[in-house]
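Data block below; observations after.
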Amino acid sequence: MEKKFFQTSIKDSLFTGLIALALFGPIVGLRTVAKNEVLEVHPKWFIVLIIVIVCAVGRFLTNLYVYNRDQKTGIQSSIGKSISNFLDTKGYQIALTAIIFSVIFPFLPFTDRYLMDIAIMMLTYIMLGWGLNIVIGLAGLLDLGYVAFYAVGAYSYALFAIHFGWSFWICLPIAGIFAAMFGVLLGFPVLRLRGDYLAIVTLAFGEMIRILLLNWYQLTKGPDGLTGIPRPSFFGLPFKSFPDEGEQTFHTFFGVEYDPMQRIIFLYYLILVLALITNLFTIKIRRLPIGRAWEALREDEIACKSLGVNPRNTKLTAFAIGAMFGGFAGSFFATRQAFISPESFTFIESAIIVAIVVLGGMGSQTGVVLATVFLIGLIEVFRDFESYRMIAFGGAMVLIMIFRPRGILATRKPTITLEKSSSK
Amino acid sequence: MSQKLLDVENLTMKFGGLVAIDNLSFSADKDKITSIIGPNGAGKTTVFNCLTGFYKATAGSMFLNKENERLNLRKFSDFKVAQKAGVARTFQNIRLFPQMSVLENLMVAQHNKLMDASGFTILGLFNSPSFVKKEKEAVEISKYWLDIIGLTHRADDDAGDLPYGDQRKLEIVRAMCINPHLLCLDEPAAGLNAKESAELNKLLLFIKNEKKTGILLIEHDMSVVMEISDHVVVLNYGKKIFQGSAKETKNSPEVIEAYLGTEE
Amino acid sequence: MDTAYFLQQLINGVTLGSVYGLIAIGYTMVYGIIGMINFAHGDIFMVGAFIALISFILFALTSIALPIVLLLTLLIAMVFTACYGWTVEKLAYKPLRKSFRLAPLISALGMSIVLQNYVQAAQGARIKTLQPVIQGGFTFMEDTGFTVSLSYLQIFIVLVTIVLMAIFTLLITKTALGRAQRACEQDRTMTALMGINVDRTISITFIIGSSLASVAGMMFVMYYGVIDFYIGFLAGIKAFTAAVLGGIGSVPGAMLGGLLIGLIEVFWSGYISIEYKDIAAFTVLVVVLIFFPTGFLGKPDIEKV
């Protein structure tokens with residue numbers, strides 16, 4: 001018995017090695033390199049050999065230690081569960097600590113410009129993740145073109161700010177409304193499609209918007225992008241080192257030394273506030289009839305119809321609200337960068353945001369934060385290994401689906417409980 | 001003669017060449033239980049799907065008579081039948097929202113009312129007192145129904161975690177939460193044991209007598225049908241072959257023939 | 001001049017359509033059998049193109065005759081790419097058969113990202129150019145001022161497509177394998193109860209789909225002479241559009257859809273606007289899915305209550 005099992009394991013791992021050779025032999029082993037305009041093949045057999053051995057031995061070991069112990073998924077889910085439990089019981093304290101930490105973060109001794117930039121980027125993704133969580137996590141609509149709304153927000157902010165000179169606080173809501181309108185416009189025809197078709201159509205819309213931005217030169221300056229987008233001011237007080245004649249700036253008004261970090265810190269708090277608003281809004285709306293209807297639609301659309309819930313309008317609100325937050329995040333992006341081009345709004349951005357929501361646990365607000373810190377952290381740490389980090393990133397999506405399809409944090413709390421409402 | 005709650009006349013439903021319902025006419029009374037029975041594939045569920053707007057009937061008319069208006073059900077599509085006409089239904093294979101709590105399931109059923117109260121979400125966002133009051137009322141209604149089916153202690157558990165028999169009952173009271181005039185039940189006793197189906201009978205009689213809601217019932221379990229139906233309509237191959245009281249039905253030769261076949 | 005121009009577009013459209021059609025078959029077969037959109041299929045096509053490219057470069061160093069080079073490259077691309085299709089299914093989709101309905105799609109999205117970046121890491125991000133493998137062709141209507149050309153390459157592409165189509169259609173309609181596939185489409189549990197190895201049938205479906213995509217990849221690299229790791233994304237979406245247009249689940253439909261998408265794209269760029277040529281495909285996709293979801297040869301999908 002033992003021996004036979006051993007034999008099959010050996011056979012199996014040899015087969016795995018063979019497959020690995022077929023997979024990696026040509027693509028990794030025969031690298032094509034252009035020399036004088038002509039491609040040459042540079043063999044790299046050593047790497048292939050290593051990969052093949054790793055695959056075969058790895059397969060052998062997993063055969064021996066994992067598959068025959070009947071606990072393949074046990075470990076992963078128990079980790080996830082204990083995290084969920086921990087967050088459930090201590091959820092309030094953790095959220096509070098996280099918020100306090102993010103509030104004092106800019107003034108911590110180790111915080112420098114680089115960390116601030118990463119923090120701002122993470123918060124932007126957290127906000128986008130929270131926005132998309134309404135669409136994917138609550139309403140169950142897989143939207144692969146979310147970046148389109150981000151783009152609409154950024155471009156409408158930039159165009160209004162450049163051409164009309166309106167301030168950030170006027171342009172922000174306009175950009176949000178624009179994005180929401182786009183959401184309704186796109187959502188109206190497509191929302192009756194089944195899940196996977198909807199995903200492809202939203203992806204197509206996302207790409208269409210990008211192609212439009214690339215080619216509508218008069219409006220968007222195409223691939224050159226829009227430059228000179230006004231920076232946000234502190235309620236009318238600009239951040240400038242050399243104010244014009246008679247102009248009040250942030251540092252003259254408060255009588256402090258000019259420091260370029262002031263603007264960065266302001267931007268940081270701006271996105272923190274915007275993200276927290278998104279979060280509070282989502283937490284609140286989940287407990288309202290509309291939020292419950294979203295989740296009900298995710299669970300069973302036919303049952304919803306039999307109860308008189310209008311599926312199209314309900315989905316449309318989710319789509320529009322998600323789009324609105326995408327638009328807000330887009331305007332923030334535009335004002336922070338002061339330059340936007342279609343390159344910032346490619347499909348991979350949508351994929352990253354979807355991955356954040358999926359990885360975190362669909363519908364889980366805390367999950368989004370954890371997933372963002374993890375994924376964006378991963379991307380930052382492996383900054384110099386562009387394609388390797390994306391391989392890890394895509395691989396993580398596959399693994400999460402296999403081992404924890406509901407995401408790391410998968411517990412769901414009821415939006416209303418009998419005990420609470422009757423003791424009120 | 002009192003007015004009928006539901007009038008179905010010459011209803012016909014065709015799928016391509018297949019005639020699923022053939023020129024069917026029947027009616028259902030307020031505060032009465034009308035059963036539709038027939039062998040498998042007789043077109044019973046199709047009748048429900050036409051009534052509740054999931055299918056568009058090929059021909060015929062369906063009218064629902066409320067106190068002072070006569071509604072043409074054919075004018076409403078799926079969700080509007082429940083929303084505007086007050087026709088609720090359950091499904092052969094239970095369709096709860098399994099990952100939502102029992103209470104939430106009942107709250108979703110009161111969606112339209114609460115949606116109006118929340119001022120299309122805007123008032124709700126700011127916890128307006130009128131909305132809070134309405135929501136409390138909705139919770140009370142849910143609690144009322146949970147008390148009736150004895151599931152109050154499980155109100156905050158996921159609906160999918162309930163035992164099968166409780167899921168059936170929950171689906172029925174969820175349909176009652178939209179405050180319907182007509183309740184269409186598609187094989188509510190399927191898969192229930194004797195004790196559970198007795199409880200089901202009690203629940204249905206309660207709905208009929210206390211809530212004055214008309215019930216349209218598709219059922220294979222003859223003990224349920226015979227015990228509680230006031231009126232029975234028998235279908236076979238999409239055609240009505242008999243109608244009458246439960247007792248008449250039991251003794252009708254046509255019905256026996258449809259179920260057991262003829263002796264040659 | 002106008003007729004000549006039109007004719008030229010027609011020839012180009014049919015050629016491009018053959019490529020899309022071959023990819024679309026993979027989408028349609030996988031959708032038919034396990035009901036998922038194999039989002040990574042476009043990237044399998046890209047891998048196939050790379051394998052064909054490498055094979056061509058290696059054969060260029062030898063003095064083997066062209067027809068044999070073509071045949072060998074075709075076989076090499078099919079075999080190696082099929083390994084990719086098989087592995088992707090085993091790793092990323094098979095464990096998800098019983099998961100919730102969007103799980104395979106998300107997993108496929110992850111797989112697509114993996115494949116793209118893997119090829120980028122292994123082969124570099126720069127575009128790869130291939131010297132023309134088949135040169136020459138016919139020209140006609142020279143007197144009208146606009147020369148219509150029909151290259152040998154185009155004839156080769158269309159011919160190979162037709163032959164492969166014929167072989168695989170026979171395979172699906174006439175053999176036990178095809179029967180097993182169609183049975184799996186109807187009811188997987190029941191098919192398994194009848195003693196058919198469902199896992200193997202699904203694997204074979206992926207193998208067939210991937211090898212056809214690799215042929216498309218080989219033709220793409222020969223036709224355009226330029227590829228990079230990103231070609232799978234757009235080609236994948238267009239081929240998916242083709243599959244939907246033809247009626248998803250139907251193999252002849254995929255071919256027909258591919259042909260139509262190829263023609264639409266070529267005529268759009270020829271007569272309307274070349275910058276927005278990708279928008280044409282996306283518009284068709286959106287319009288078809290919304291108004292015409294069963295496509296030309298698909299079966300209607302009745303929602304069961």
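When the range A:169-182 is limited to residues that are aromatic (Phe, Trp, Tyr) and crowded, with 19+ Cβ neighbours inside 10 Å, the one that is farthest from A:Phe332 (Cα to Cα) turns out to be A:Phe182. Taken together, the residues in the range A:28-56 that are at the interface with chain C (Cβ under 10 Å from one of its Cβ atoms) and touching a residue at least 40 places away in the same chain (Cβ under 8 Å) amount to 0.
Taking the stated definitions as given, is C:Glu275 modelled with pLDDT of 85 or more and within 14 Å of chain A (Cβ to nearest Cβ)? Taking the combined requirement at face value, the residue does not satisfy it.
Suppose we filter C:Thr173, C:Thr161, C:Thr189 for residues that are assigned to a helix (DSSP H, G or I), of a type outside the set (Asp, Glu) and closer than 21 Å to C:Ile37 by Cα; which single one remains? Steps first, please.
Working: C:Thr173 fails: closer than 21 Å to C:Ile37 by Cα; C:Thr161 fails: closer than 21 Å to C:Ile37 by Cα.
From the options C:Thr173, C:Thr161, C:Thr189, the qualifying one is C:Thr189.
Within this structure, B:Met62 fails the test of being out of contact with any Leu (no Cβ under 6 Å at 6 or more places or on another chain), outside any loop (DSSP other than H, G, I, E, B) and not polar (S, T, N, Q).
With B:Phe91, B:Phe48 as the choices, which residue is among the aromatic types (Phe, Trp, Tyr), farther than 30 Å from A:Leu280 by Cβ and in contact with a Lys or Arg (Cβ under 8 Å, 6 or more places away or on another chain)? Lay out the reasoning, then the answer.
Details: B:Phe91 fails: in contact with a Lys or Arg (Cβ under 8 Å, 6 or more places away or on another chain).
Just one listed residue meets the conditions, B:Phe48.
Please find, within the range C:35-73, the residue that is surrounded by the most Cβ atoms within 10 Å (Cβ to Cβ) out of those that are more than 8 Å from chain A (Cβ to nearest Cβ) and among the β-branched types (Val, Ile, Thr). Ranking the qualifying residues of the range C:35-73, first place goes to C:Ile44. Within the range B:189-196, at least one residue is crowded, with 18+ Cβ neighbours inside 10 Å, more than 14 Å from chain A (Cβ to nearest Cβ) and under 24 Å from B:Pro39 (Cα atoms).
Which residue pairs have Cβ atoms closer than 6 Å, lie 6 or more positions apart in sequence or on different chains, and pair a first residue in the range B:128-154 that is buried (at least 20 other Cβ atoms within 10 Å of the Cβ) with a second residue that is not in a helix (DSSP H, G or I)? Listed pairs, sorted by first residue: B:Phe131/B:Ser118; B:Ala138/B:Gln110; B:Leu146/B:Ala155. Summed over the range B:100-136, the residues that are of a type in the set (Phe, Trp, Tyr) and facing chain A (nearest Cβ under 9 Å) give a count of 2. Look at (1) without any contact (Cβ under 8 Å) to a residue 12 or more places away in the chain; (2) surrounded by 21 or more Cβ atoms within 10 Å (Cβ to Cβ); (3) of a type in the set (Ser, Thr, Tyr) and you find that C:Tyr224 fails only one, number (2).
Yes/no per residue for (1) crowded, with 20+ Cβ neighbours inside 10 Å; (2) farther than 30 Å from B:Thr152 by Cβ; (3) within 13 Å of chain C (Cβ to nearest Cβ); (4) at pLDDT 80 or above:
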{"residue": "A:Thr366", "(1), (2), (3), (4)": "yes, yes, no, yes"}
{"residue": "A:Val373", "(1), (2), (3), (4)": "no, yes, no, yes"}
{"residue": "A:Gly377", "(1), (2), (3), (4)": "no, yes, no, yes"}
{"residue": "A:Phe382", "(1), (2), (3), (4)": "no, yes, yes, no"}
{"residue": "A:Arg389", "(1), (2), (3), (4)": "no, yes, yes, yes"}
{"residue": "A:Phe393", "(1), (2), (3), (4)": "yes, yes, yes, yes"}
{"residue": "A:Thr411", "(1), (2), (3), (4)": "no, no, no, no"}
{"residue": "A:Lys420", "(1), (2), (3), (4)": "no, no, no, no"}
{"residue": "A:Lys424", "(1), (2), (3), (4)": "no, no, no, no"}
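Against the test of being crowded, with 23+ Cβ neighbours inside 10 Å, of a type in the set (A, V, I, L, M) and part of a helix (DSSP H, G or I), the options A:Leu185, A:Leu212, A:Leu203, A:Leu219 yield a single qualifying residue, A:Leu203.
Return yes or no: is C:Phe80 hydrophobic (A, V, I, L, M, F, W, C), surrounded by fewer than 23 Cβ atoms within 10 Å (Cβ to Cβ) and part of a helix (DSSP H, G or I)?
Details: hydrophobic (A, V, I, L, M, F, W, C): yes; surrounded by fewer than 23 Cβ atoms within 10 Å (Cβ to Cβ): no; part of a helix (DSSP H, G or I): yes.
Judged against the criteria, C:Phe80 is not a match.
Rundown of residues vs (1) out of contact with any Leu (no Cβ under 7 Å at 6 or more places or on another chain); (2) small (Gly, Ala, Ser); (3) assigned to a helix (DSSP H, G or I); (4) over 27 Å from A:Val38 (Cβ atoms), yes/no style:
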{"position": "C:Ala216", "(1), (2), (3), (4)": "no, yes, yes, no"}
{"position": "C:Val221", "(1), (2), (3), (4)": "no, no, yes, no"}
{"position": "C:Leu234", "(1), (2), (3), (4)": "yes, no, yes, no"}
{"position": "C:Val244", "(1), (2), (3), (4)": "no, no, yes, yes"}
{"position": "C:Ile248", "(1), (2), (3), (4)": "yes, no, no, yes"}
{"position": "C:Leu260", "(1), (2), (3), (4)": "no, no, yes, yes"}
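You will find that of C:Val226, C:Val251, C:Val266, the residue that is more than 13 Å from chain A (Cβ to nearest Cβ) and either touching a strand residue (DSSP E or B) at 6+ places or on another chain (Cβ under 6 Å) or closer than 22 Å to C:Gly48 by Cα (or both) is C:Val251 and no other.
As a summary of the residue check, B:Phe97 satisfies the conditions (1) in a helix (DSSP H, G or I); (2) facing chain A (nearest Cβ under 7 Å) except for the one numbered (1).
Check the range C:142-149 and report whether any residue there is within 14 Å of another protein chain (Cβ to nearest Cβ) and among the charged types (D, E, K, R). Write out each step before concluding.
Initial filter on the range C:142-149 (within 14 Å of another protein chain (Cβ to nearest Cβ)): none.
Taking every residue of the range C:142-149 in turn, none turns out to be within 14 Å of another protein chain (Cβ to nearest Cβ) and among the charged types (D, E, K, R).
Please find, within the range A:311-325, the residue that is surrounded by the most Cβ atoms within 10 Å (Cβ to Cβ) out of those that are out of contact with any Leu (no Cβ under 7 Å at 6 or more places or on another chain) and modelled with pLDDT of 90 or more. Of everything passing the filter in the range A:311-325, A:Ala323 is surrounded by the most Cβ atoms within 10 Å (Cβ to Cβ).
In summary, helices (runs of 4 or more DSSP H) completely within the range A:285-362 and bearing 3 or more residues that are closer than 28 Å to A:Met208 by Cβ and in contact with a helix residue (DSSP H, G or I) (Cβ under 8 Å, 6 or more places away or on another chain) occur at A:289-299, A:311-337, A:347-360. For the range B:33-86, filtered to residues that are among the basic types (Lys, Arg) and either closer than 24 Å to B:Glu210 by Cβ or within 14 Å of another protein chain (Cβ to nearest Cβ) (or both), the residue that is surrounded by the fewest Cβ atoms within 10 Å (Cβ to Cβ) is B:Lys56.
The values are calculated or read from the model by the stated rules, or taken from the named source; none is laboratory data. None of these values were measured; they are calculated from a predicted model. Glycine gets a Cβ as well: all are built from the backbone with ideal geometry, and neighbour counts include every protein chain shown.
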